[in-house]
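Have a look at the structure below before the remarks.
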Amino acid sequence: MELLNKLEIGNIFVKHALAIDANSFDNSSIAYTRQIMPRVYYPAQLFETEQLFEAFVQDLEEKSISEITDRLGLSWLFIKTQDWLTLVGPYHTPSDKTQDVLSILRGNGIDSLKANSLKMYINSFATVNSDVVTEVAYAYVLAIYGNTEDTLFNRVRIGASSQPVKLQEDTMMTQPFATVEYTHEIETLYMNAIAQGNTAEAVLLLRQLTLRTGNLISNTSSQNQLKAAVAGSAIARTSTRIAGKQAGVPSPAIDHLTSEYAKRVLDAATPDEIGALTLEMAERCCDLVRQYKLRPYSPKIRKAIHFVLLNLGSQITVEHIAKAVEVSPNHLSTAFHKETGEKLLAFIQRLRLEKAAQLLTFTSQQIQEVSTSVGILDNNYFTKIFKRRYGLTPKEYRKNPSHEMAMPFK
């Protein structure tokens with residue numbers, strides 16, 4: 001998935017998991033400044049000058065997380081990914097919120113008469129446990145890169161009249177105590193299934209995607225579990241929208257569908273209810289994809305294609321498909337070739353090989369497992385036809401993938 005799509009999904013995840021705003025910007029300090037300034041209580045709250053801010057941004061390491069506590073005790077999270085900076089915040093932790101407002105005003109040279117307005121400003125931002133923020137930040141990096149092995153984490157506190165001072169040296173931290181097992185492999189395979197209109201596979205992958213995202217804070221309060229479920233649904237909803245549009249569903253149709261479920265999820269009372277709504281959304285999106293992509297074909301050919309998608313990993317034959325479509329095998333083969341320009345058996349083999357290429361690219365399954373999962377039980381035959389299509393053996397392809405999305409129609 002392209003970086004911008006991952007950033008969009010990650011930002012939605014942060015917003016729903018923490019109730020904190022999150023935005024990503026390219027390497028332009030003007031964009032950062034314009035985003036920050038409307039949120040600050042007074043100009044020097046976070047950085048005394050724009051030049052100091054620019055210097056801070058330039059010094060950020062790739063694949064790093066920096067948490068800055070500003071002069072008012074509010075925290076901001078900066079996540080550096082390639083040429084993009086994601087800004088999360090401001091927010092405060094329970095300990096930050098206990099600070100005396102009058103002391104903050106005096107320390108920053110602000111008139112004490114503004115105590116009430118400052119208190120209202122500080123209370124307008126979410127209070128979040130530091131450990132949960134850390135986990136979400138690592139989940140964000142994991143979603144972008146697929147790992148957090150060399151992620152740098154910094155904590156910085158800015159004094160009342162001082163330059164930023166590091167509280168903790170740059171360290172390469174391991175994933176925190178309840179790390180999200182949110183992998184871009186599952187996300188990518190899910191999007192491919194949506195783009196195919198493959199309901200069965202999309203639902204299966206979505207269960208894994210939402211479950212792994214929900215594990216982020218599953219051991220905490222029921223309120224946080226509900227937030228995690230909302231976040232998982234938001235990630236799935238964004239992935240679904242992107243995949244649906246890539247598959248050719250008109251934007252108004254897919255946006256209407258996902259907006260409907262965004263509202264329904266926010267009204268849901270339990271994580272189970274949110275999970276059921278998210279699965280329902282995926283099923284309806286797959287229906288939309290098939291409706292738009294298979295529109296040129298007759299009902300019997302649409303039904304045949306859907307049957308193949310649902311049973312790709314099984315030992316399906318023309319006879320099996322013909323029985324499901326309720327026509328003779330010869331009639332089905334002739335009609336399929338006439339309408340699609342592709343022979344039915346060749347169509348099945350193409351989808352199997354393209355699905356195998358996805359699995360080789362995005363999973364660590366053994367070659368034999370990949371072969372079996374796409375309905376080809378003879379590993380030698382699988383290797384032979386895979387090399388004929390891609391010019392590489394499955395093992396060679398895994399080292400040098402040239403991924404293409406499996407589609408039931410060209």
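The values are calculated or read from the model by the stated rules, or taken from the named source; none is laboratory data. Treat the numbers as computed from the prediction; the structure is a model and nothing was measured. Note that each Cβ is placed from the backbone with ideal geometry, even for glycine, and that neighbours are counted across all protein chains shown. Note: areas computed on protein heavy atoms with side chains; ligands, DNA, RNA excluded. Shrake-Rupley method; radii C 1.70, N 1.55, O 1.52, S 1.80 Å.
None of Leu344, Leu377, Leu392 is open to solvent by less than 10 Å² (accessible area, probe 1.4 Å) and of a type in the set (A, V, I, L, M) except Leu344. Listed by first and then second residue, the pairs with beta-carbon distance under 8 Å, at least 6 apart or on different chains, first residue in region 123-141 and aliphatic (A, V, I, L, M), second part of a helix (DSSP H, G or I) and modelled with pLDDT of 80 or more, are Val136/Val14. All conditions in (1) open to solvent by 10 Å² or more (accessible area, probe 1.4 Å); (2) closer than 20 Å to Gln315 by Cβ hold for Ser364, with the sole exception of (2).
Results for (1) outside any helix (DSSP H, G or I); (2) within 24 Å of Val325 (Cα to Cα); (3) in contact (Cβ under 8 Å) with a residue 60 or more places away in the chain, shown as yes or no for each residue.
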site	(1), (2), (3)
Ala356	no, no, no
Gln365	yes, no, no
Gly375	yes, yes, yes
Asn380	no, no, no
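Within region 227-283, the residues that satisfy the criterion of being assigned to a helix (DSSP H, G or I), open to solvent by 30 Å² or more (accessible area, probe 1.4 Å) and polar (S, T, N, Q) are Gln246, Ser251, Ser259. The lone criterion from (1) surrounded by fewer than 18 Cβ atoms within 10 Å (Cβ to Cβ); (2) part of a helix (DSSP H, G or I); (3) among the polar types (S, T, N, Q) left unmet by Ser314 is number (2). Cβ-Cβ contacts under 8 Å between residues 6 or more apart (or on different chains), taken from a first residue in region 331-346 that is under 19 Å from Leu312 (Cα atoms) to a second residue that is open to solvent by 70 Å² or more (accessible area, probe 1.4 Å) and assigned to a helix (DSSP H, G or I), are listed as Lys343/His337; Leu344/His337.
Matching residues to (1) closer than 19 Å to Phe153 by Cα; (2) open to solvent by 60 Å² or more (accessible area, probe 1.4 Å):
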position: Ala19; (1), (2): no, yes
position: Phe25; (1), (2): no, no
position: Ala44; (1), (2): no, no
position: Glu48; (1), (2): no, yes
position: Phe53; (1), (2): yes, no
position: Val57; (1), (2): yes, no
position: Glu62; (1), (2): yes, yes
position: Ile68; (1), (2): yes, no
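Out of everything in region 111-151 that is assigned to a loop (DSSP other than H, G, I, E, B) and at pLDDT 80 or above, what residue ends up being farthest from the chain's Cα centre (by Cα)? By that ranking, first place goes to Ser124.
Annotation note: of Phe336, Phe347, the sole residue that is aromatic (Phe, Trp, Tyr), within 40 Å of the chain's Cα centre (by Cα) and more than 20 Å from Gln358 (Cα to Cα) is Phe336.
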